[in-house]
Amino acid sequence: MNCDKENIEVCSCNIIHEDIVNMAKENITNATSICNMAEFFKVLNDPTRLKIINALMLSEMCVCDICAVLGMSQPAISHHLKVLRQSKLIKYRRDGKITYYSLDDEHIKPIFNQCLDHVDGK
């Protein structure tokens, strides 16, 4: 991405297109939803959490499995799992002494894949 200020396109007129402005004002997403989306993206603004989501896209896993995949300690992974769980991105189930984690719903995988396609230029 080029951040050179000389390459930024700037509108040189002062005309307001009333029809476009009115349409946008009527249809723009409400503030509550925008704030919730910002919180969602804040949670995803961490490479470790994205790696956890990516791993859980492949299979349900326990904490030990995730630690082995990412090469991280259990306390570090547990902290990230808590954040992801509180944000309803992942869920868990217990089977005896083992807790298994998985994606919370079908929306997570397409969001991840669309973002990946975007950054990879697809």
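Each value in this text was obtained by applying a stated rule to the coordinates, not by laboratory testing. Worth saying up front: this structure is predicted, and the values here are computed from it rather than measured. Please note: Cβ atoms are built from the backbone with ideal geometry, for glycine as well, and neighbour counts cover all protein chains shown.
A few points about this structure:
- Net length gained if the chain between Ser102 and Asp117 were fully extended (0.36 nm per residue, minus Cα distance): 3.2 nm
- Expected 222 nm ellipticity per residue - DSSP helices of 4 or more, -39500 (n - 2.57), all of the chain, to 500: -17500 deg cm²/dmol
- Positive-pole candidate from Asn30, Val63, Leu84, dipole of the chain, charges at beta carbon: Val63
- Cross-link table Lys25/Lys91; Lys42/Lys109; Lys42/Lys97; Lys25/Lys88; Lys51/Lys122; Lys88/Lys122, entries beyond 25 Å C-alpha to C-alpha: Lys25/Lys91; Lys42/Lys97; Lys25/Lys88; Lys88/Lys122
- Calculated from the structure at hand, semi-axes √(5λ) of the Cα gyration tensor in Å is found among [x] 23, 17, 11; [y] 39, 19, 12; [z] 21, 17, 15 as [y].
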